[in-house]
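Have a look at the structure below, then the notes.
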DNA sequence: GTTGAGATTTAGAATTATTCTAAGTATTGA
DNA sequence: TCAATACTTAGAATAATTCTAAATCTCAAC
C-alpha cells in the first residue's frame, strides 16, 4: 500500500457519503490544498493544480473545491474583499489575517471557544472568529 | 437648529478628520444606512438612496460607503459568498447570519469579548466574530 | 469676487470572481 | 451491454466592484 492509498479511504469515503464520486481531479485538487497551507484562492489552486494535471480546467477546480467543502474536507474562508480562499484544516481553529501582507494563518483554538449568549429565539449552529493585525514577519519590519 | 443639523457635527467632523469632504451624497447615504439596519449591500443602498436623490450614481454610492467606512462611521460585513454588506452600528457587536433566509442581525457583545491567545509574534489589532444558524423567524417555521 | 488646485460626482467601460451552459467523456448499476 | 447519471471541459454569462475621463463643485489664496 502506497502512501497515497493510505490516506485515500478518507477522501474517498467522505465524497461518497455526500453523494459525490471520487475522481482523479478531486483527489488532485485536495492534494494541492494539503500541499501548501496558505489558504489559496480558486485561481491559485488552479495554477498549482495545472502543474501536475495540465488539462484541468477552472470550472473543474471550482467544482472540486465545492465538493470538498460540501463533504467536509475543506472550509471556505473569506476575510478580505477579494476572492474566496480555501482551507483543508478541519480542526477547530480561527484565522488571522495580516493587514500588511494579506497572508492568512491558522490559529489554534485549544480552549478558548468564543462564548456568546444568543438573544431569545436565535438557534446558533456554528461560530467563526477571525483576527486581523500584523503577522510576525510584518510586525518585525514595522518596528 | 433642525434635527438634521443636530446630528450632522458627528458625520461632518468624522469625514473631515479623515480628509474627506462632507457632501449631500455622503450625508444621504449615511442616512439610508441608519434608516434600515438590515445590513444592505451596495446595490440595496443604491436603490434606497435613489428614492430621495434620484440622480445619485452607483459609483457615488460605492465612494460614499468607502468614505464612511474609512472615517469610522460604518463597517463592512461579509458573511456569505455574495456582495459586501454595510453596517452603521459601531458599538462592539458580532453578526448573526441566518442560513435559511440570509438575514444578518447584530448581536450585542456586552461582556463576552473573544479572548484568544495569539501565538508568538502576531500583533492582533481587532477581532471579528460571526455566528451562523437560524434566526427566530426561521427557527419557528422549522419546528 | 476671481481663480486655480484638488476633491467629488457621474455614466459607462473594464476588471475580477464566480456561475452557467452545452457538448463530450466516464462511471455505475440494471 | 445499455441507459442513466455524474463529471469535465471551454467558453459564455453574470455579478460585484473598480477604474476612467469628463463635468461639477468647494475651498483657499489672491
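Taking other Cβ atoms within 10 Å as a rough exposure proxy, B:96, A:20 sort from fewest to most as A:20, B:96.
Computed over chain B with a Gaussian network model linking Cα atoms closer than 10 Å, the most mobile of B:88, B:40, B:54 is B:54. Using 0.36 nm per residue and subtracting the Cα-Cα separation, the extra length available between residue A:99 and residue A:124 on full extension is 6.1 nm. In this structure, residue B:141 and residue B:106 have a Cβ-Cβ separation that, at R0 = 30 Å, corresponds to a calculated FRET efficiency of about 0.85. Placing a pseudo-label 7 Å from each Cα along the Cα-to-Cβ vector at residue B:69 and residue B:132 gives an inter-label distance of 2.1 nm. Be a star and scan segment B:41-84 for residues whose amide nitrogen sits under 19 Å from the point 7 Å along the Cα-to-Cβ vector of residue B:12. Inside the label zone: B:68, B:71-73. For residue B:50, the distances from its label point to the matching points in the remaining copies are 3.9 nm, ordered from shortest, with each point set 7 Å beyond Cα toward Cβ. For a paramagnetic label modelled on residue B:78 (point 7 Å from Cα along Cα→Cβ), amide N atoms under 16 Å away belong, within segment A:78-108, to A:78-87, A:95-105.
Label point of residue A:119 (7 Å along Cα→beta-carbon): distances to the other copies' equivalent points are 3.7 nm, sorted ascending.
Exposure proxy shown here: for A:130, A:100, the number of other Cβ atoms within 10 Å sets the order, fewest to most, as A:100, A:130. In terms of its C-alpha gyration tensor, the protein assembly as shown has a prolate overall shape, because the principal axis ratio a/c (a ≥ b ≥ c, square roots of the eigenvalues) is not below 1.5 and a/b outweighs b/c. The same position residue A:69 in the other copies lies at 2.0 nm from this copy, comparing label points 7 Å beyond Cα toward the beta-carbon, shortest first.
Exposure proxy for B:30, A:105: other Cβ atoms within 10 Å of each Cβ, ordered fewest to most, give A:105, B:30.
Which of rounded, prolate or oblate describes chain A when judged by the alpha-carbon gyration tensor and an a/c cut-off of 1.5? Oblate.
Bear in mind these aren't lab numbers, they're just calculated from the coordinates by the rules spelled out. This one's a predicted model, so the numbers in the text were calculated from it and none came from an experiment. Positions of Cβ are backbone-derived with ideal geometry, glycine not excepted, and every protein chain shown enters the neighbour counts.
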